Structures are given as structure tokens and as C-alpha cells.
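Working notes for the structure below.
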Amino acid sequence: MSRNKLREAWPLEYAVEHHEIFREKELTRRNFTFASPQIQHRAYLVSWIRVRAEKFNLGTCTVHLSIYLLDIFMDNYNIELEKLHLVALICLQIASKFEEYDIRTPKISQLNSVANNRYSTSDFHDLEVMMLTFFDWNLNIPTAAHFAEYYSLFTVTRTDWDPTEYVSYETFWQEAQRAVKDYLELSLLDMCMIQFMPSVVACACILLARQQLRLAYRWTKELTAITKYVCDDLVLCANAILSRNPNRGSDCKRKVVDSPDMGYATGGSNISTPEGTSRKRRAIREDGHATINY
């Protein structure tokens, strides 16, 4: 996103107030218990959603919101394997309706086409209503991508720019934005990231981006004033993100962090797909998980 578009999304006269509202709202996120019966399919579904979002040219905030919806919904329901793709598509559909202009929101027929048209229109409508009801129709949920949109305005400044490295400040600024986006994508891969507030994740991505660009200061007083975080607040989260790809930002300060899989597939795991799993389905689990049946 260009600087002009970012400033349109976050007009300076309202940005501080909007940021404060987002910080309050992130405290109301639903608890996550890592209890999904389909927990081993999470990594596959995240990748699947990202590919489909790119196909429909959907924004980063849409992707992050859809994956948040997926994580929380899966954490509370025992979903039949053949319905996992439908759940992922509904999460993407709901997120796009909230985040995108109407003209960019994919239609049911378009969504169904990427799932080989295996679902009916009523399947989409019924599950959409069920999911919206589960979330109390409250989709105003800030994610790391929402915070990063605002913070990205201040990721780098002209004092950070080295003309011998980048031919123009605009080129330098765009490179910083690409780095932040790359780290945001990495942050989606590991469920250990849910222990951090979205604003912390966003700031950690900016910290890593600045380190990747080899700037004199990994964190600045201006960023502290805007985000209310100091560098030490972000190191643990940044280290967790970097662990997904240790070849990026190799100069970052590293320290050992206990980051178990929590049962989710990771980069070194065999990612489980719904089609590749054959197991006996359970109707209602003893732990109280509801089951989606049609």
C-alpha cells in the first residue's frame, strides 16, 4: 500500500484516537485454548486461505481477520473433515465483506469454484449465519495487520535513508513496507503467536524489518511514542516470528524461547490435509465441543 493510501486509511487528525480504540478492542479478543479437534490441519488451512485470498486480490487485513475467525471457530467446534474447506471459505467471505469494498468481495460462486463446487449455496448461507451468530456479529476485531497499517507510516523516516543503498527515499520506503508484510505473513504460521497482543506482533514485525534493513537503530523514540512500546517489549515476539525463518534478519538479537508446537503443524512438521486424513469422526466430544453437521 502506498503512503498516500495509508494516510487515507489513517488520517492523522483521527489516527491517534483510532489507535487507542484498537488497543482497547484487542483486549476483548476471545480466549484461545488450543483445543480444536482438527488442530493438525491448521497450517494447511492457513496456507490454503492465503493462496485463495491472493487469487481474489484481497488485502492483508482481510487475510489476518479470516485466520483469526478460523482459529477461534475451530477452537470451539468439532468440524467434519469434508467441511473444513467450507469453514475456511466462509471465514474469508465474512472477513472480505467487513474489510473490502463490495466490488472486491468474492461471490459464493467464485468461492465455491476454488473448492471444486462441492458445496451448495445453502451450505454457504447456513454456515455464514451460524458463524456470525457465534461471533455475536462483532467483526470489529483488530489484528496485527490492522495495527501494522498505522505503524507502517512510521517504520522508516528520511533520517534512516542512505542514498548510497537506495536510489530514492520512495524505493527505501517501499522496501521497508515489503519487509513488514513478509514478517506479518510469517506471524500467521505459528499458533504460539496468539499469546501476543496483535499490536505487539505488528511492532515486532516493524522491529524485524528495521533490523533487516540494517538501520542504525532497531527502534526509535518516535516509534515508542506512537506505539507505547519499547524495544525490550518486542524482543520475545520478534524472536518467535524469526524462528519461523531463521535465514531472515540474521543480525537480530536472538535468545532461546520455549515455543512448542502446541499441537499445530510447523515448518518442520508434516502438514496434514483434510483429504489426507482418514480417521473415525466423533459426533459430540466429551469435552463439550459442538459438531457441525448438515
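Rounded to whole numbers, the Karplus 3J(HN,Hα) couplings from phi for segment 143-152 are 10, 4, 5, 5, 5, 5, 4, 6, 5, 4 Hz, using 6.51 cos²θ - 1.76 cosθ + 1.60 with θ = phi - 60°, and x at Gly and Pro. Ranked from largest to smallest solvent-accessible area, with a 1.4 Å probe on the protein heavy atoms, ILE49, ILE226 come out as ILE226, ILE49. With a Förster radius of 35 Å applied to the beta-carbon distance between GLU170 and ASP232, the computed FRET efficiency rounds to 0.65.
If you roll a 1.4 angstrom probe over the protein chains with everything in place, what fraction of the accessible area of segment 144-243 belongs to carbon and sulfur, to the nearest %?
Its accessible area is 52 percent carbon and sulfur atoms.
Once the C-beta distance of PHE154 and LYS97 is scaled by a Förster radius of 25 Å, the resulting FRET efficiency is 0.25 to the nearest 0.05. Out of residues 5 or more away from ASN78 or on other chains, whose amide H comes under 5 Å of its own, with H placed 1.01 Å from N in the peptide plane? The answer is ALA290, THR291, ILE292. Scalar couplings 3J(HN,Hα) for segment 104-114, obtained by applying the Karplus form with A = 6.51, B = -1.76, C = 1.60 to θ = phi - 60°, are 9, 6, x, 7, 4, 4, 5, 5, 5, 5, 7 Hz; x denotes Gly and Pro. Couplings for segment 157-169, taken from phi via the Karplus curve 6.51 cos²θ - 1.76 cosθ + 1.60 with θ = phi - 60°, read 10, 5, 5, 7, 6, 10, x, 6, 9, 10, 5, 8, 5 Hz in order; Gly and Pro are left as x.
The values are calculated or read from the model by the stated rules, or taken from the named source; none is laboratory data. Since we're looking at a predicted model, the values are computed, not measured. All Cβ positions, even for glycine, are placed from backbone atoms using ideal geometry, and neighbour counts span all protein chains on display. We work out accessible area using only protein heavy atoms, side chains counted, and drop any ligands, DNA or RNA first. Shrake-Rupley method; radii C 1.70, N 1.55, O 1.52, S 1.80 Å.
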